[in-house]
Amino acid sequence: MALHREDVVRAAVGLLDEVGLDRLTTRALTTRLGVQPGALYWHVRSKSELLSAIADEILREVFVPEPGREDVNGDWAEQTGAFAHRLRRALLAHRDGARVVVGHLALSGAAVEVAEQGLALMRAAGLTLSEAAYFGDTVTSYVTGFVLQEQAVSPAAVAPPVRFEPTLHPNLWEWQANRPASRDQAFASGLALIIRGLRLS
């Protein structure tokens, strides 16, 4: 059976999910595909190109509507929020997904479509091209940074929470008592703050 680029990328994504970015090697990939190492280079010229293809494949999932939000046709704020949630979901769906996208994304394929759609949405809302570009970068950086932190923490490495004294650290104590109960809630709260900032600008 002939090997196609799509087969290589799909297998690489599967391998990433199993072993993580640090153990994703071309040798391991050729073993999974059952081919000689040279066979890969007909489809991807280097590991860097392979990782860019994986990043692009992960980003394609951003175009899949989030469950329960399939019909988001509201204003720019609602659509921006929906995009951010889809991006986070796509990154979290793959082991080290944020590291791959942040470190290896080439401005091609799905990345171009994401960028163009975001710019068009913001400009339709009345922003200049420069404002739209910076806002899009801010939202994307927030999502990727948030997921980088989520994926960097090993459950076994989580330390017991620090207990603050209300008299010595009143702000930290109050925040600890009232902060969002889940990462989903924390993400949504931070995103809402960013979007509200643009509304007020």
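The values are calculated or read from the model by the stated rules, or taken from the named source; none is laboratory data. Everything quoted here is computed from the prediction, not taken from an experiment. Counting neighbours? That spans all protein chains shown, and the Cβs are built from the backbone with ideal geometry, glycine included. We work out accessible area using only protein heavy atoms, side chains counted, and drop any ligands, DNA or RNA first. Shrake-Rupley method; radii C 1.70, N 1.55, O 1.52, S 1.80 Å.
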Within region 90-120, residues part of a helix (DSSP H, G or I) and either among the hydroxyl-bearing types (Ser, Thr, Tyr) or open to solvent by 40 Å² or more (accessible area, probe 1.4 Å) (or both) come out as Leu92, Arg99, Val102, Gly103, His104, Val112, Glu113, Ala115, Glu116, Gln117, Leu119, Ala120
So which residues in region 20-43 are surrounded by 14 or more Cβ atoms within 10 Å (Cβ to Cβ), over 24 Å from Leu107 (Cα atoms) and of a type in the set (S, T, N, Q)? Thr30
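Is it the case that region 179-196 has a residue that's open to solvent by 80 Å² or more (accessible area, probe 1.4 Å) and over 30 Å from Arg95 (Cβ atoms)?
In the first step, residues of region 179-196 are kept if they are open to solvent by 80 Å² or more (accessible area, probe 1.4 Å); the result is 179, 181, 183-185, 193, 196.
Restricting the remaining residues to those that are over 30 Å from Arg95 (Cβ atoms) gives 196.
Among the residues of region 179-196, at least one is open to solvent by 80 Å² or more (accessible area, probe 1.4 Å) and over 30 Å from Arg95 (Cβ atoms), which makes the answer yes.
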How about region 71-89: which of its residues are over 8 Å from the mean Cα position of the chain (by Cα) and either outside any loop (DSSP other than H, G, I, E, B) or on the phi > 0 side of the Ramachandran plot (or both)? Trp76, Ala77, Glu78, Gln79, Thr80, Gly81, Ala82, Phe83, Ala84, His85, Arg86
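Here's a check for you: in region 44-65, which residue that is part of a loop (DSSP other than H, G, I, E, B) and open to solvent by 40 Å² or more (accessible area, probe 1.4 Å) is modelled with the lowest pLDDT? Break it down stepwise before answering.
Residues of region 44-65 part of a loop (DSSP other than H, G, I, E, B): 44-46, 64-65.
Still in the list and also open to solvent by 40 Å² or more (accessible area, probe 1.4 Å): 45-46, 64-65.
Working: Arg45: 86, Ser46: 89, Val64: 80, Pro65: 73.
Only one residue tops the list, namely Pro65.
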Find all pairs meeting these conditions: Cβ atoms under 6 angstrom apart; at least six residues apart or on different chains; first residue within region 41-64 and within 11 Å of Thr26 (Cβ to Cβ); second residue open to solvent by 10 Å² or more (accessible area, probe 1.4 Å) and of a type in the set (Ser, Thr, Tyr). Lys47/Thr26
